[in-house]
Structure formats: C-alpha cells, structure tokens
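I have placed the structure first, in the form of structure tokens, so that the comments after it can refer back to it.
The values are calculated or read from the model by the stated rules, or taken from the named source; none is laboratory data. Keep in mind the model is a prediction, meaning the values are calculated, not measured. When we count neighbours, we look across all protein chains shown, and the Cβ atoms used for this are built from the backbone with ideal geometry, even at glycine. Heads up: the accessible areas ignore ligands, DNA and RNA and are worked out on the full protein's heavy atoms, side chains in. Shrake-Rupley method; radii C 1.70, N 1.55, O 1.52, S 1.80 Å.
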Amino acid sequence: MIPDALRTFLTLDFAPLLAVTLAAGTLGLLGSFLVLERRAMIGDAMAHSVLPGLVAGFLITGSRAPFPMFVGALAAAGLASAAISFITRYGRIDPSTAIGVVFTSLFALGILGVEASGARNVDLDLDCVLSGQLELLYWRPPSTYAELLSPATVLTLPREVLILGALAVLTPLLLALVWKPLTAATFDRTYATTRGLRPTLVRSAVFALTTVTIVASFEALGSILVVALLTCPAAAARLRGGRLAGFVCMSALFGAASGVFGYLGATQLAPTVIGGSIDASGTVASLSGLILAVMALRHRSRSAE
Amino acid sequence: MIDTATGSAAALSPVELAEKWFEVVSLGGGHNTNVVLAGVTLLGLAAGMVGVFSMLKKQSLVADAFAHASLAGVGAAFLLHGAFFAGGGRRNMAVLLLGAALSGSLAVAAISWLGRRTRLPADTATAAVSSASFGLGIVLLSLARRISGADQAGLDGLIFGSAASMTRGDAQLMAAVAGIVLIAVLGASAPLTAAAFNERFARVRGLPVGFIEALLAALVAAITIAGLQAVGMLLVVAMLVIPPATARLWTRRVPGLLTLSGLLGASAAFLGASVSAILPNAPAGALIILVSAASFAISLIAAPHRGLVAGLIRQRAVRHRARAEAHRPPRPIAGTAPGTRAGTGGGTST
C-alpha cells in the first residue's frame, strides 16, 4: 500500500508539478527560437492576448467548456501576431510600438469582458489569469503501487496534464524532424530559400506550435509564467554560448529545472519556513529570472578576464 | 459614482444612459467624480506627450517593464510597512508607490545592464526582466498575505486599475504629478527632440545627453506611477504607446506629433473615464485603452499618407500608369529605357 504522506503528495501536488514541468520544458525549448529570431516580445504579446479569446469563447458558449475556449484563445493569439505584423508592415510603425499597441488593446478588451460579463463571478478570475490555476489540478491516485506503475494510470491524469504531456513529446520530435531547414531558416534565409528548404513554411510551423503551447499552458500556469518561461531560460542559455543544439537543450533544461524546483520550493519548502505555501507560478517565474541573473553575472566575469 | 448592481444598470435605456453621461461630462457627477475625471484627463495629456519621445527612441516597451516590475516594489513595501506598523490595516499609498518607483527603476537598470554586459537582444532582456520581476511581485504579495493575513483589496486595484475606488487625495496627487510632467515636457521639448533623433549630433552641440535621457526615464516613470491606481500596471503603458503611434500615422513633425498625441491621450482618457463613471463593472483603465485603440484603428485605415485607403489609392494609380505605359506603342530604344525604368521604379517604391 502507498503510505499516506506520498498519497497526499500524489493527490495534491503531483499533477500540478507534472504540468508545470512539462510546460516549462516545452516553453523553454520553443522560446529558444523566439529569442534567436528576436521575437521574444511577440511571445509576450501573444500570452497577454489569450485573455479576450478565452472570454469570447466563454461568452459565445455560455459555459467553461474547454474546447471553445481553447479555440477562442488560439484565434486571439493568432490575431495578435497577425495584427502586429500587419501594423508594422502597412502602418510603417516600429515593431516594439506595434506590439505595445496590439497587446494592451487586446488585454484591455479581455479585462473589460471579464468585468462586464459577470465571468468574474464564475471562474475566469483575473488573478487566475495572472498566476494560473495550478492548485486546481488534483488527481485521485490508485491505491496500490502495482496500479500506480501500470501504463493505463497515465490516462487518469487531468486533461491539462495530458495535453501538456503530448506537446512535450511532440515538440522535440517536430524540432528534430525539421532541424536542418529550421536552423538554415533562422541563420541564413537566402541560403535556405535557394536550397529549397522552405524556410517560411518551417518557421510558420514552429511558430504555430509555439502559439498552441502558449495557449495550452495559459490556463494552468497563467500569463506571467508563460512569458517568463518563454524568455528567461532561453536568454540564460544564450549567455552560455556554444553550439545551437546545446543552446536549445540547455534552454529546455533551465525551463524544466525552474518548473520542478520553483514548484517544490513554493509548495513543500515554503510551508516549513514561513508556515504556508506561496504562489507557485510566481516562484517558478522568479526562479527562471534568478537563473538568468546568475548566468549574466558569470558571463560578465568571464568576459572581463 | 454609481454603485448600483449590474441588474439595475441593464435596465437603464440608452436615452437614460446618454442623459447620465451628459451629466457626468458637464461636470455634474459630483465633486469626487470631477476630480478623478480631471486628473485622468491631465494624465492622458501628459502621457501622450511623453510617449512621443519614448516612441522616437524606440523605447516604448521599457515603460511596460517598469510597470510590471513595480509590483515587486509594491509587494516589498507592503511587507515592510506591515512589519513596522503591525496591525495598521490602512494601506499607505505613498509608501506603496515609492516601492513601485524603486523596483521599476531597478528593473530598467537591470535591462540596460543586461544589454551592456551581454549580447542579448533588447526585447529579450525587456521581456525576461519584466516577467520575472512581476512573478517576484506575485510571490511577495502571496507572502504578505500569508504572514500578515493582510487585506489585498487595495493592491488588486493597482494591478488592474480602479479609478472608481480612488479617493480625492489620490486623484489630486495623480493630477499634480501629471501637471509637473506636462510642464517638464513642454519646457524641455527642444533638447528631448534633439537627443531622440540624433544622439551624436546632440552631444556635439554640447547638450547633456546623459541628463536628458535620465530626464525622459524619470518622466516615463512618473507617468507610470501616477497612472497605477487609475489605469493599472498592466495597461498604463498603453497611455504612453497608443496615442503617439496614432499621431505618427497623421504627421511626422515633432510639434504636430506632440500636440496631436497629447490631445488624443486626453480625449481618450476623458471619454473612457466618463463612460466608466456611468457604467458599473466597466473599469476606467480598460475603457480608456479601448477608446485609444479605436482611434488607432480608424487612423490606420484613414490617415492621409500612411493609411490603408491612401495606400490602396496610390497603388491603383501606379498600376493604372504602368498599364498605360505598357499599351503605348514601342518607341526607339534610346527614349524608352529611362522612361520605363522611372515608371517601374515608382511602382515598387510605393
């Protein structure tokens, strides 16, 4: 039989821990290409723009059914990135200004939607938008070790965890599959085009996967953590230098490590130190920022030598 | 301000709402409402003008990082204040805003440090610092709640903005800060312009460029802090970004940009805040930003040179000319070559 302490951990903390780790690793992996292409702020903008999409999905269907909300969020994130490139191109406005215009407008629309529609009272709470709903992911684990270790048990995990798990498996596979055209497209677009590697197609596919991951992570992790995980691990890994493959793996690793240690720190360590848990999403985001700070400090001393 | 529940507001007819709105707009909505309305409008005016210089320096999103990072300072100030004045349930807005200013400035310093010490692109550094420090802010707030069991109601207002819960003193403080920023921008617009367009030229002319840049940063910070309560830290950057971007679609000269951007900012703030005063559950910050966004969208379509309609008309004219050229009978080679080249050249550049 499984001891009670472990059982409590499995019930309350296992699913959120898994969710945050899987999402963190995937976002770190995909964030590395956003950072390489200098599109980090676009990820930021998309993560903020998810909110009006969720609200629209909620208002149209009148319920918190996951699928319409997912579609709404995906559409809003896509709309944001399309609007940014449209404004940059046709309004001839500096990209950072265009990003500022688009994401604040969409976020304002989302806030108004939540406040005015009464969705706030249901469960689209604005605080959850910021720091996610990790604590709502609980799991009823089986009672024996044999059942716990059987493959079928995996499917009893919460839906969010399964989706994030699927993305965590799919993303590295897809990246490995398109590795050569993707690197060519990132570094030397002309070369990639002349070699017939279809750089635009490959980049769009990776960008679409990034959008899906942002949307899938949003509900559990909240907007702040999504942005932090897209940028901080990749930035930290970028400071280490070295080859591209190493950088991409390091970024995923930094992301996953922030996820594991941040979550455990907030929910297991904090109660013994201050007598209560602290916000897990915020802790993971802070930890990823701390990793970046440490890497930047080391980077400085190394370049000064 | 109207404190009715959602149900009774829904029962109001459009005519009644319009009457109520006219009452608020003609300053008959009570003294408190008028002070908030005036303060927000002044803030919109000042933010629109300061934002022009941030846009010209391509630093629009630095204000966003400043605003996000200010949450960490608010949390820290809340913790410290709670530690020193235990049991005092009253939030002290001045202390919170001081913390916000400190941590926001730290974040901006961290972004420029990352940019100088490493080769990270500016937007990566901005996004990383702003999200990580906002995360830290959320942790500090949850810590404060854990330790002191403090009431967080006033702090939520700083994140999402709640003009309705501002006291008269809060609104007067906001108006005073906005007024000072306005005077500073008007007084220093010449050196700010010089430093924004051509830093090296400004240096050669003997202008204190470092000081001017610090002044701009301080003005952006002052606007952000002043707008925290009314608009909220997640949206206050929009007051600095959208009006200048809209004005840029209409004009390229700095005096015109400043005037237009200031007017757009002020009118969006006035409209948003007055509509918010008659509708319950419609936060002023979000409404102000949406009015601004609408003016941007209209300008993007209709502006004379950069607008989409103007662009389409130009494109058609070029196509028409090209077609006319194509149907002309061939002339001797010496004559055609420069003519056609000029025609196609004009076509691709527009």
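Within region B:283-319, work out how many residues are buried (at least 19 other Cβ atoms within 10 Å of the Cβ) and facing another protein chain (nearest Cβ under 10 Å). Residues meeting the conditions: 15.
Annotation: B:G187 fulfils all but one of (1) surrounded by fewer than 17 Cβ atoms within 10 Å (Cβ to Cβ); (2) within 14 Å of chain A (Cβ to nearest Cβ); (3) under 25 Å from the mean Cα position of the chain (by Cα); the unmet one is (2). Taking region A:205-257 as the range and being aromatic (F, W, Y) and surrounded by fewer than 24 Cβ atoms within 10 Å (Cβ to Cβ) as the test, the residues that pass are A:F207, A:F247.
For region B:137-228, the helices (runs of 4 or more DSSP H) that sit wholly inside it and include 3 or more residues that are over 25 Å from B:Q59 (Cα atoms) are B:153-160, B:168-187. Does B:V209 qualify as being surrounded by fewer than 20 Cβ atoms within 10 Å (Cβ to Cβ) and touching a residue at least 24 places away in the same chain (Cβ under 8 Å)? Answer is no for this residue. Condition check: under 22 Å from the mean Cα position of the chain (by Cα) and open to solvent by 20 Å² or more (accessible area, probe 1.4 Å). Does B:A218 satisfy that? So B:A218 passes the test.
Of the residues in region A:180-190, at least one is open to solvent by less than 80 Å² (accessible area, probe 1.4 Å) and over 24 Å from A:T26 (Cβ atoms). In the set (1) touching a residue at least 12 places away in the same chain (Cβ under 8 Å); (2) part of a loop (DSSP other than H, G, I, E, B), the condition left unmet by B:R252 is number (1).
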